[in-house]
Amino acid sequence: MHGHRREFLARAGRGLLVASAVGRATPAGAASKDAAARKKGKDEEDVAPPEDLMREHGVLNRIMLLYEESMRRLEARKPLPVETLASAADIIRRFIEQYHEKLEEDHVFPRFEKANKLVDLVATLRKQHQAGRGLTETILKLGNAASIQTDANRQKLVESMRLFNRMYRPHEAREDTVLFPAFRSVVKPKEFEALGEQFEDKEHELFGKEGFEGVVSQVAELEKAMGLYDLNQFTPVG
Ligand SMILES: [Fe+2]
Ligand SMILES: [Fe+2]
């Protein structure tokens, strides 16, 4: 919801015709109150860079759950909606690798390197992004109905997902607990604020007006297709 409103207000301020969340076409930009509303909206809803990156890790986590279930089914030779797995890997490529990790590589890592802080950690994280891209390429290549007919491809697909999850769980946990909490110490307050805006703009440039929320909805649909959406199923019984 925040994303809708924020994007609506941002576009309205630029004087474009946009459809609002309730489907009305609004001739925008005429009234100066739009600009005031936009500012108010932005002030209320700005997301700080570390929080932004952390909630993107939530998307990564949800995809890793989809990978886990895919592995389980492939190993047990149970039916797998393989197009769901392919869509999950596609979200990893577009949202995690080409967006989230690019933000880290362009805006987070260089600031630590420049400040000569946590440089060994950053070097490892950079290397892991590269390794992740290789694994995703394999998952996308093998994640289709024809490919999983053979044992060799199935095994390679399972192994790639296993390596992916094994690397990314500690990778994101280290970013969340060590790197991101230290981010304020390497960025000036004004710059910190401006980066939040930049991240937001990039998000909408790449993922449209729905931005992050749109990607989360796509992941929810994949979870439904794989029977993972209902959170209650993960609560221990008794
Ligand atoms: Fe990362
Ligand atoms: Fe990350």
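Would you mind checking 127/156; 78/141; 102/209; 117/156 for any pair whose Cα atoms are more than 29 angstrom apart? Don't jump to the answer; show the numbers that get you there.
On the way: 127/156 22 Å; 78/141 20 Å; 102/209 20 Å; 117/156 38 Å.
Correct reply: 117/156.
In which sequence would 55, 73 go, from the one with the fewest C-beta neighbours within 10 Å to the one with the most? Please report the intermediate quantities before stating the final value.
Working: 55 12, 73 17.
Ascending number of Cβ neighbours within 10 Å: 55, 73.
What's the center-to-center distance, using Cα atoms, between region 197-238 and region 60-129 in Å?
When both Cα centres are located, 15 Å separates them.
If packing is taken as the average number of other Cβ atoms within 10 Å across a peptide's residues, how do 184-193, 166-175 rank, most packed first?
Numbers: 184-193: 13.0, 166-175: 16.1.
Ranking the peptides 184-193, 166-175 by packing returns 166-175, 184-193.
How high is the relative contact order of region 63-158? Use alpha-carbon pairs under 8 Å, at least six apart in sequence, and give a whole percent.
On the way: 54 pairs, mean separation 34.5, N = 96.
Here the relative contact order equals 36 percent.
No value in this document is a laboratory result; all are computed from the given coordinates. Given the structure is predicted, the values throughout are model-derived calculations rather than measurements. Ideal geometry is used to build each Cβ from the backbone, glycine not excepted, and the neighbour counts take in all protein chains shown.
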